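No value in this document is a laboratory result; all are computed from the given coordinates. Given the structure is predicted, the values throughout are model-derived calculations rather than measurements. Cβ placement follows ideal geometry from the backbone for every residue including glycine, while neighbour counts extend to all protein chains displayed.
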Amino acid sequence: MSLNDKIANELNHFLKIITYKDEAEADESLTKSDKEKSISLMRVNASGEVSAQALYRGQAFFSKTPEVKEHLIKAGDEEFAHLEWCTKRLEELGGKKSLLDPFYYAGSFTLGSLAALIGDGTSLGFVEETEKQVVEHLKRHLNEMSPDDKKSREILEKMLEEEEIHGQEAKDHGSKDLPAPVKGIMTATSKIMTTLSRYI
Ligand SMILES: [Fe+2]
Ligand SMILES: [Fe+2]
């Protein structure tokens, strides 16, 4: 594939992700406050999956070896399934995706590209740390979400399982441990993103 085709392919993927919608039947089974809580949490998770997509695509675009590239594309496809689940659930609950998703995508793609340009080991280290932080964040969401919202909880539990596998796979492919300040910046960035997506 020529460079122009590759860039066009990435632009198409960007549009596919930020415009992704699903048809869903309204779920009226929750109380107003449980529903509002779930909407804000599922919006954060949908944004997280938009970012995960972009991160992996950026990393795959610049990865140095075909094997790592293939792994990142496969993990990215699984993140797309997560995005589908979160989007559908958000629509059932009557919530909207975050308006900031296009910015998250662009920022995450850039971060993924930079990590991949440093080298595959660093790039995989980035995946490992991201997935670790996502797992912790999903556990916090499960604590916060109403026990009555079984459908959303089931989605989060399944995602948690798969994010753990993504982290382990990155390790198995030879991830390098990231310097502590980099991990700190990643935590701070995700804190800002998860806070903003709760509201917009
Ligand atoms: Fe995911
Ligand atoms: Fe993941």
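Scanning region 184-193 for residues that are crowded, with 17+ Cβ neighbours inside 10 Å and either polar (S, T, N, Q) or over 14 Å from the mean Cα position of the chain (by Cα) (or both) turns up just one, Ser190.
Within region 140-158, the residues that satisfy the criterion of being more than 12 Å from Met42 (Cα to Cα) and touching a residue at least 12 places away in the same chain (Cβ under 8 Å) are Ser146, Asp148, Glu157, Lys158. Filtering Phe126, Phe109 for residues that are closer than 24 Å to Pro66 by Cβ, away from ligand 2 (no atom under 15 Å from the Cβ) and either surrounded by 23 or more Cβ atoms within 10 Å (Cβ to Cβ) or in contact (Cβ under 8 Å) with a residue 60 or more places away in the chain (or both) leaves a single hit, Phe109. From the list Ser113, Ser123, Ser108, Ser98, the one residue that fits, being part of a helix (DSSP H, G or I) and under 14 Å from the mean Cα position of the chain (by Cα), is Ser108.
The set of residues from region 52-78 being under 18 Å from Ile7 (Cα atoms) and within 16 Å of ligand 1 (Cβ to nearest atom) comprises Gln53, Ala54, Leu55, Tyr56, Arg57, Gly58, Gln59, Ala60, Leu72, Ile73, Gly76. Filtering region 132-176 to residues that are more than 24 Å from Ala116 (Cβ to Cβ), within 13 Å of ligand 1 (Cβ to nearest atom) and exposed (fewer than 15 other Cβ atoms within 10 Å of the Cβ) leaves Glu157, Lys158, Glu161. Scan region 24-79 for residues that are closer than 19 Å to Met193 by Cα and within 12 Å of ligand 2 (Cβ to nearest atom) and the total you get is 9. Considered as a group, the residues in region 138-177 that are among the acidic types (Asp, Glu) and not in a helix (DSSP H, G or I) include one that is farthest from ligand 2 (Cβ to nearest atom), and that residue is Asp148.
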